[in-house]
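Derivation of every value follows stated rules applied to the coordinates shown; laboratory data play no part. Just so you know, these numbers come straight off a predicted model, no measurement behind them. Methodologically, a virtual Cβ is constructed for each residue, glycine included, from the backbone with ideal geometry; neighbour enumeration extends over all protein chains shown.
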DNA sequence: GATGAATGAGTCTTCATTCAT
DNA sequence: AATGAATGAAGACTCATTCAT
């Protein structure tokens, strides 16, 4: 077999990654064996290992690819003009996470939970995730700033805190829906609105 | 004297559970071996197995004990009279989670992440968690109802949604702080307040 | 199973080592699989690994035990009084190596060749062997000194060189007999005598 | 033009063999992978396999080529007229082995140790080596005969034994220097001379 | 009851070799 | 003829669990 083209190589990597996603989601990161992935990919052990040199690398790739795939869907929302109100933004992002799950054929929420747990003991994964979430939170902060410009919320000194609160709601949505399967994006948006204070009282 | 024996039995179970917590937190659920726990507990393999018949049982016990330990700390907050505003309640609960970590000598947040991941493939753990979070959300809903009575928020038809949103913020706090280590309860409370809309928009 | 006695533990170690010796000798160090040794030992994989934590450790133990077993047989020869002539000493040592082989049921010569090869890439083994051969050469030098005292050879400034030459003959005997199977200790002794110069001529 | 093709073929074989030598010497025979050799040779897997059909074949070729390369250097010494004294011959041969190492860019001594070990389980290699060493010993015997003619040693019935003793010293030099790195050809020659008995003793 | 040695199926990974292109 | 991607059978080692003492 002569040299494979770059596209074919990428296709093979994708093929393996999809197999890994499917297995990880079904069995969890550690309960999934390389043999599971190898069988699911339809390739041989050696072939899989020539594309991903270890299980850890495959885990890292699976999680980071999920993360960046999601990012590319969410970024347009964060840069929309005019900027929506926070509750609307929350609803749109949550809905996009749901769509991602449906579109790619595996549940991003479950993979996210697995990734967070794995990040506790995997240095590289932790660093990667850290970078991702910090960047994501920055984007949220900017979007909230533009929402303030649009008059949706009071321009305040605590833009960073608002971004933290909003990020908490987003990842909290992922956890809660993964565990309870009964949270809809609109409910979250309505809930956030309902939590709003009538007047500042603390 | 069966009573002494029972007490001893309980003490042994606690001793083993503490060892398990310490290991799980440090290494993760799967990377922790029974041998790790056995050594950390200072008992023999046979002894540990006579108290917990399998690793899965130990995982279940570790997670549910954490959960109920936390519950007993949080319930007073949820039943406080007069009811605090949502942001205040959020701050108090987040602070309690932080305190729990400090008091029990292991990081509840990390164990929570591990437990959620494990629940994806462990039927019993999933059911247990489901029950816990549903009950917790009910308590949140009641507390929010009393907060509405106290005039902190508009009494609305979406009490359930508000509870979902609040729970999302709480678990989102756990995730975000476990990953980024830069979220304080007060920031979250301020952030929630900052997200309040100037005008209701759809 | 309660705590095993020290003797039993030692016996188990010996049992595993003997199995390893037999396999190594038959197959070579690398071609021998742990499974070979496990089966030959009659124990389980876990049991073998609880006594020797890796194949490398087993190789090290096999080689160093051979070395020290041989040493304990040869030392009396080196300390004999009155000291024999070099050719006689050579013959005795070579004969002892042959006896060791016969007595222990495996061919020390073959294991020696394997060990030397392995020492090329195994740091610890190399260090161990180095120490052994240096010490052995020192003993040879002392024995030659006593042989000079006894009038068997000229006392010279080159005692170290004589020890190097004698050690070369001993290990050379091991190699040659392992490869050709046609060298007897007496032949070596006669050969050394025959090589002796009639008069110093260089 | 088949002649050019043949030359190219020989050049390729040499190129592969050199790569193999370099790897074998650095890593040992078994720890060297075909991939190591393939990469070191700069050729493709298929190309290497078209010249040497298996790793065993490559090992055999590497060892026998070393052996015959050395032979061609040593033979002139063995046929020199007038014949030198045994100690002188020993020194010359040892020095030639050292030179070979320097000249060919890889350590013949190390490869020799590896080859001897491998010969324990490789039938063909064993047979090849056996032939080589028997032939070499015959040449030594003849050279010693001529040395006796020249009056350097007593003509005796044990010419074969003297050859065995001399071969032992030569291979013993290889082992000792490979392990201890502190043996010089002249030391060996002086040492042999120093071992000469003052009086024949039994 | 308690002990901890023993079990052995299962894990990740390697690597000599092949053969489609 | 050459390439190098693919194969898949081993290999070293682990670890939840058991049970003889």
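Note on A:37, D:38, D:75: ascending count of other Cβ atoms within 10 Å places them as D:75, D:38, A:37, the fewest first. From the Kirkwood radius over Cα pairs of the protein assembly as shown, Stokes-Einstein at 10 °C and 1.306 mPa s returns a whole-number translational diffusion coefficient of 48 µm²/s. The reciprocal of the average 1/r between distinct C-alpha atoms defines the Kirkwood hydrodynamic radius, which for region D:60-126 equals 13.0 Å. Inter-chain neighbour count for B:149-160: the average number of beta-carbon atoms from partner chains within 10 Å of each residue's beta-carbon is 4. Sorted shortest first, the distances from the residue B:135 label point to those of the same residue in the other copies are 4.2, 6.7, 8.8 nm; each point sits 7 Å from Cα along Cα-to-Cβ.
Helix A:185-195 axis versus longest C-alpha principal axis of chain A: approximately 30°, rounded to the nearest ten.
Once Rh is set to the Kirkwood radius over Cα pairs, what Stokes-Einstein translational diffusion coefficient, in µm²/s, holds for region D:1-53 at a temperature of 4 °C and a viscosity of 1.567 mPa s?
For these conditions, the coefficient is 114 µm²/s.
As a rough footprinting exposure proxy, the listed residues D:118, D:154 were ranked by other beta carbons within 10 Å of their own, and the order from fewest upward is D:154, D:118.
Just the number, please: Stokes-Einstein D of region A:108-202 in µm²/s, Kirkwood Rh from C-alpha pairs, 37 °C, 0.692 mPa s. Here the translational diffusion coefficient equals 216 µm²/s. Taking every residue in B:181-191 and counting other chain Cβ atoms within 10 Å of its Cβ, the average works out to 5.
If you take the Cα centroid of region D:42-101 and the Cα centroid of region D:125-150, the two points sit 15 Å apart.
Of all beta-carbon atoms in chain B, the one sitting closest to the axis that brings chain B onto chain D gives B:31, 15, with the distance in whole angstrom.
Taking the inverse of the mean reciprocal distance over all distinct Cα pairs, the Kirkwood hydrodynamic radius of chain C comes to 18.6 Å. Put in order of Cβ neighbour count within 10 Å, fewest first, the listed residues B:98, C:161 become B:98, C:161.
Just to confirm the number: angle between the C-alpha axis of helix D:159-180 and the first principal axis of chain D, 0 to 90 degrees, nearest 10? That works out to roughly 60 degrees. For the options A:174, A:183, A:111, a Gaussian network treatment of chain A with springs between C-alpha atoms closer than 10 Å singles out A:183 as fluctuating the most. For the options B:79, B:176, B:120, a Gaussian network treatment of chain B with springs between C-alpha atoms closer than 10 Å singles out B:120 as fluctuating the most. Spatial offset of region C:3-34 relative to region B:161-185 amounts to 56 Å, using the alpha carbon center of each. For the peptide B:87-100, the mean number of other protein chain Cβ atoms found within 10 angstrom of a residue's Cβ is 1. Listed peptides B:12-18, A:163-169, C:190-196, C:52-58 appear in the order A:163-169, C:190-196, B:12-18, C:52-58 once ranked by packing, highest mean of other Cβ atoms within 10 Å at the front. Taking the label point 7 Å along Cα→Cβ, residue D:39 and its counterparts in the other copies are spaced 3.3, 3.4, 3.4 nm apart, in ascending order.
Distances between equivalent label points of residue D:11 across the copies, with each point positioned 7 Å along Cα→Cβ, amount to 3.9, 6.8, 8.5 nm, shortest listed first.
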